[in-house]
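Colleague: This is the structure I want to talk about, given as structure tokens.
The values are calculated or read from the model by the stated rules, or taken from the named source; none is laboratory data. Computed from a predicted model, the values in this text were never measured in an experiment. When we count neighbours, we look across all protein chains shown, and the Cβ atoms used for this are built from the backbone with ideal geometry, even at glycine. These area figures cover heavy atoms from the full protein model, side chains too; ligands, DNA and RNA do not enter into them. Shrake-Rupley method; radii C 1.70, N 1.55, O 1.52, S 1.80 Å.
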Amino acid sequence: MRRSVIAGNWKMYKFLAEAVQLVLDLKPRVVNAHHCEVVIAPPFTALKTVNDRLEGSNIKTAGQDVSDRPGQGAFTGEISAEMLRDLGCSYVIIGHSERRQSYGETDEIVNRKLRASLGADLLSIVCVGENLAERERGGMEEVVARQIEQSLAGLTATELSRILIAYEPVWAIGTGRTATPEIAANMHRFIRSILTAGWGEQAGSQIRILYGGSVKPDNVVSLMAVPDIDGALVGGASLEAESFARIVNYESVVKG
């Protein structure tokens, strides 16, 4: 059975004192969240301090990005997968739409970063998704299939077991617009079919596919009710302990 993952991407928010306060507020609110893995991705400047504060808790951390160069070397400004692991990270986010759009990351770059992260034994959340123009012309499946096939090119089914896919419709990120459960269901089902066709039935059925795009406390329950949605990549709503905890604890709402 696939275990859900609720991951909060803080992006370029939270100075150190704010980051510490947020995790201190969050820990007691999600301590009983045994139904899912809880992951947060603070900015690089806060990772070591945050990980120290999280010791012994059920919250794991992720890097928001990673270098495609392994280990150490003369690569100014880069942070390797091994460095993220050394800081205490368990996960890394790769190929977020903001990296693709604003910094020119291609599927080939995502593939190199993914290989570097797998080499450091990090769990990798690989982001895919179409923009508004691509959806309106009906090209969303073509775009997402290409991103998956090229980003994961050359990887084995065994390697796929350490990868998560995050479907983030670019038109819904930070806009307040959210894909309806039906839209999300259709795309998640399509993504699973692409993975099954490329890496086999077992790999396709076991990989976890998250939804990302204006996930909030008031829509998480309906999204998590979709069979092929295995969690959420949360942006703005993860910047406050109360709202992120409500998302993490979605199962308690379902059970009443």
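Colleague: Of all residues in the stretch 117-136, which are among the small types (Gly, Ala, Ser) and surrounded by 22 or more Cβ atoms within 10 Å (Cβ to Cβ)?
Modeller: Ser117, Ser124, Gly129 - these are the residues of the stretch 117-136 that are among the small types (Gly, Ala, Ser) and surrounded by 22 or more Cβ atoms within 10 Å (Cβ to Cβ).
Colleague: Would you please list the contacts, defined by Cβ atoms under 7 Å and residues six or more apart or on different chains, that run from a residue in the stretch 48-69 that is under 17 Å from His34 (Cα atoms) to a residue that is assigned to a helix (DSSP H, G or I) and among the β-branched types (Val, Ile, Thr)?
Modeller: So the pair list comes out as Leu54/Val23; Asn58/Val30; Ile59/Val30; Thr61/Val50.
Colleague: Now, a different point. Any chance you could count how many residues in the stretch 59-83 are open to solvent by less than 60 Å² (accessible area, probe 1.4 Å) and either over 17 Å from Ile94 (Cβ atoms) or assigned to a helix (DSSP H, G or I) (or both)?
Modeller: Number satisfying all stated conditions: 4.
Colleague: Out of all the residues in the stretch 124-140, which are within 25 Å of Val221 (Cα to Cα) and not in a loop (DSSP other than H, G, I, E, B)?
Modeller: Ser124, Ile125, Val126, Cys127, Val128, Leu132, Arg135, Met140
Colleague: Got a number for residues in the stretch 5-29 being buried (at least 20 other Cβ atoms within 10 Å of the Cβ), of a type outside the set (Val, Ile, Thr) and either out of contact with any Pro (no Cβ under 8 Å at 6 or more places or on another chain) or assigned to a helix (DSSP H, G or I) (or both)?
Modeller: Here the count works out to 6.
Colleague: Here is a list: Leu155, Leu87, Leu47. Which entry is open to solvent by less than 10 Å² (accessible area, probe 1.4 Å), modelled with pLDDT of 95 or more and of a type outside the set (Asp, Glu)?
Modeller: Every option except Leu47 fails the conditions.
Colleague: I need every pair where a residue in the stretch 146-162 that is closer than 13 Å to Ile194 by Cβ and in a helix (DSSP H, G or I) has its Cβ under 9 Å from the Cβ of a residue that is of a type in the set (Phe, Trp, Tyr) and open to solvent by less than 50 Å² (accessible area, probe 1.4 Å), sequence separation at least 6 or different chains.
Modeller: Final answer for the pair search is Leu160/Trp199.
Colleague: Now, a different point. Please go through the stretch 39-48 and give me each residue that is under 19 Å from Cys127 (Cβ atoms) and not in a loop (DSSP other than H, G, I, E, B), ordered by number.
Modeller: Val39, Ile40, Ala41, Phe44
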